[in-house]
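Engineer: Input: one structure, supplied below.
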Amino acid sequence: MGGAEQAYIQQAFNVNWISTAGPQINQLESRLAAYTQNKHAAVLASGTAALHLALRILGVNAGDSVICQTFTFAGSAFPITYQGATPVFIDSEPGTWNMDPNILEDSLKQITKSSNQQLPKAIIPVHLYGMPAQMDEIRQVAGKYAIPIIEDAAEALGSVYRGRPCGSWGDMGVLSFNGNKIITTSGGGALLSDNRQYIEKARFLATQARDAAPHYQHSEAGYNYRMGNINAAIGLGQMEVLDERVKRKREIWQFYYNELKEIFEFQLPAEKIQVNKSTAKQIRSNRWLTTIITRSFAQREALRQALETENIESRPLWKPMHLQPVFKEAPCFGGGVAEDLFERGLCLPSGTALTEEDLTRIVAIIKRVIR
C-alpha cells in the first residue's frame, strides 16, 4: 500500500457508501479514463469480468468464435467459453512475445476460404508481462476484416505504445487490479472505451441488468460484477503511487538485466519494435514481471528449484492455452514460439518491495547455479 488508501477508505465510511455505488467509484473511473486516455471507464469485480462483459456487448454467443493470444493467462480465454463460443488461439512473435500479426492475418485468410466458417466476433491481443503488443499491425488486420479488438491490458497499466497508453488501442480495453498486479483494489478490474454506449451497457449488465422501473424488473440476464466502493477507495490511493510502482518495476528489471544479460535472453530489452531496417516504433513497458529465457528446460528447472530451496519463489512463464487440457479441442495457428517460451522461460521475483539486498541475493544464487 502507498499510504493514502486509508484516507480514501475513511471518506467512504464518512459518507456511508459501503456498496457497489458511491463517489469513490465515480472518482476512480474518472481517473482511470484520464490516465489511459479513454473517454469512459467502468470499474468491475475483476479483469475477467471486464473481458466477459466486452464479449457480451459485442454480441458473442454460442457457436461464434473469438481469436485469442495463446501465450497468456487463462483469464484471457475463459470468458470466451462463458458465452459458449470457441477460442481460436494465435501464436506469439519472438520480439514482444505477444500475438503475431502475420499469423493472425494468415488465420483469417484460412477462415475466409472455408465456406462453412464465419469470421470471429472479436480479437483479444494481450500485452504480456507489461510489454505492448504490435497494435498497429493488429489493428490493420482487424480493420481489414472488420473485427473489433478487445485489448487485454491486464498486466500493462502504465505501459505505453507509440505515445499512447496500453488499454486505449482497442474498441475496448481491459485492466486488472488483482493482488499481483502493479496496483490493486484487493481484486477488481476495469473496462475502458471511447464508446459511451459500451460502458453504459457494461455498468447495466454488471449490476444485474435491472431495468429502469420502480420495482425489480429484468429484460435480460445480468451479473454481479460491479466493484465495491471500498475497493474503489483503495484504488484511488493506489493511483497516487502508480507512477512510483512503474518506476520501481523498471529499476528491478534493469538490475536483473545488467547482472544477467550475458547469460539469458530478456523480453525486448531495447523497448522498440523494429518494423524494418530504417524504422522502429518506440514503446515503454511497465516491466510488470522480469522474465528470462534459459538455455533449456533442465536449466530453467535447476534455477527454479535452487531458488525454491532458498525460500524464493519463481515460476515458469504462462503455459500456452492450446496446451491446456481444458482447451485441447480448440483450434490453434502456430504455437511453436509460445511452447518454446513456456519450456525455457522463468519469472523472477519482481515485487516492488524487493530491496537491493534481496535482488543481490537472488542474482548470486542464479549465478552460482549457472557456474
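Engineer: Can you give me the C-alpha center-to-center distance between segment 176-252 and segment 337-364, rounded to a whole angstrom?
Structural biologist: Each part reduced to its Cα centre gives a spacing of 29 Å.
Engineer: With θ taken as phi - 60° and the coefficients 6.51, -1.76 and 1.60, list the Karplus ³J(HN,Hα) couplings across segment 69-83 in order, rounded to whole Hz; mark glycine and proline as x.
Structural biologist: Whole-Hz 3J(HN,Hα) from phi for segment 69-83: 4, 7, 8, 6, 6, 4, x, 6, 9, 3, x, 4, 6, 4, 8.
Engineer: Amide H to amide H under 5 Å from Glu265: which residues, 5+ apart in sequence or cross-chain, H placed 1.01 Å off N in plane?
Structural biologist: Here the answer is Ile293, since their amide H atoms fall under 5 Å of that of Glu265.
Engineer: To continue, here is another question. Return the long-range amide H neighbours of Leu44 (sequence gap of 5 or more, or a different chain), with a cut-off of under 5 Å between placed amide H atoms.
Structural biologist: Here the answer is Gly189, Ala190, Leu191, Met227, since their amide H atoms fall under 5 Å of that of Leu44.
Engineer: Give the long-range amide H neighbours of Phe333: residues separated by 5 or more places, or on another chain, with amide H under 5 Å away, using H modelled in the peptide plane at 1.01 Å from N.
Structural biologist: Phe89, Ile90, Asp91
Engineer: Using the Karplus curve 6.51 cos²θ - 1.76 cosθ + 1.60 with θ = phi - 60°, work out ³J(HN,Hα) for each residue of segment 199-216 in order, rounded to whole Hz, and write x for Gly and Pro.
Structural biologist: My calculation for segment 199-216 gives 6, 5, 5, 4, 4, 4, 5, 6, 10, 6, 6, 7, 5, 6, 8, x, 10, 7 Hz in order.
Engineer: Moving on to the next point. Using Cβ contacts closer than 10 Å as the measure, can you line up Glu310, Glu343 from fewest to most? Let's see the in-between values first.
Structural biologist: Values: Glu310 10, Glu343 15.
With the sparsest Cβ surroundings first, the list reads Glu310, Glu343.
Engineer: Go ahead and estimate [θ] at 222 nm for the chain from helices alone: -39,500 (n - 2.57) per DSSP H run with n ≥ 4, summed, over the residue count, rounded to 500.
Structural biologist: Details: 12 runs with 141 residues, N = 371.
Calculated at 222 nm, the ellipticity per residue is -11500 deg cm²/dmol.
Engineer: Let me ask something else about it. For segment 116-133, list residues with backbone N below 19 Å from a point placed 7 Å from the Cα of Gln282 toward its Cβ?
Structural biologist: In segment 116-133, the label zone of Gln282 (backbone N under 19 Å from the point 7 Å along Cα→Cβ) covers 131-133.
Engineer: Using Cα pairs closer than 8 Å and at least 6 residues apart in sequence, work out the relative contact order for the chain, in percent. Please list the in-between numbers first.
Structural biologist: On the way: 786 pairs, mean separation 79.4, N = 371.
Relative CO of the chain lands at 21 percent.
Engineer: Let me ask something else about it. First obtain the Kirkwood hydrodynamic radius of the chain from its Cα pairs, then insert it into the Stokes-Einstein equation at 4 °C and 1.567 mPa s, and state the resulting D in µm² per second as a whole number.
Structural biologist: On the way: Rh = 21.4 Å.
Value of D from the Cα-based Kirkwood radius: 61 µm²/s.
Engineer: Mind listing which GluC sites (Glu not before Pro) in segment 189-268 are in a DSSP loop and have 12 or fewer other Cβ atoms within 10 Å?
Structural biologist: Answer in residue order: Glu220, Glu262.
Engineer: List His127, His215, His52 from most exposed to least, where exposure is judged by having the fewest other Cβ atoms within 10 Å. Spell out each step's value before the answer.
Structural biologist: Details: His127 32, His215 6, His52 27.
If I rank by nearby Cβ atoms, fewest first, I get His215, His52, His127.
Engineer: Could you size up the charge dipole of the chain around its Cα centre, putting +1 on the beta carbon of Lys and Arg and -1 on that of Asp and Glu, and report it in debye to the nearest 20? Walk me through the numbers on the way to the answer.
Structural biologist: Details: 38 positive and 37 negative charges, 72 e Å.
Computed about the Cα centre, the dipole is about 340 debye.
Engineer: Quick check on my link table: of Lys113/Lys144; Lys261/Lys367; Lys39/Lys247; Lys121/Lys281; Lys144/Lys272, which ones sit more than 22 Å apart, alpha carbon to alpha carbon? If you can, show how the numbers build up before the last one.
Structural biologist: Values: Lys113/Lys144 15 Å; Lys261/Lys367 12 Å; Lys39/Lys247 26 Å; Lys121/Lys281 29 Å; Lys144/Lys272 25 Å.
Checking Cα-Cα distances, Lys39/Lys247; Lys121/Lys281; Lys144/Lys272 exceed 22 Å.
Any read-out appearing in this document is the output of simple, stated calculations on the displayed coordinates, not a laboratory observation. Model, not experiment: these values are computed from the prediction. Cβ: placed from backbone, ideal geometry, glycine included. Neighbour counts: every protein chain shown.
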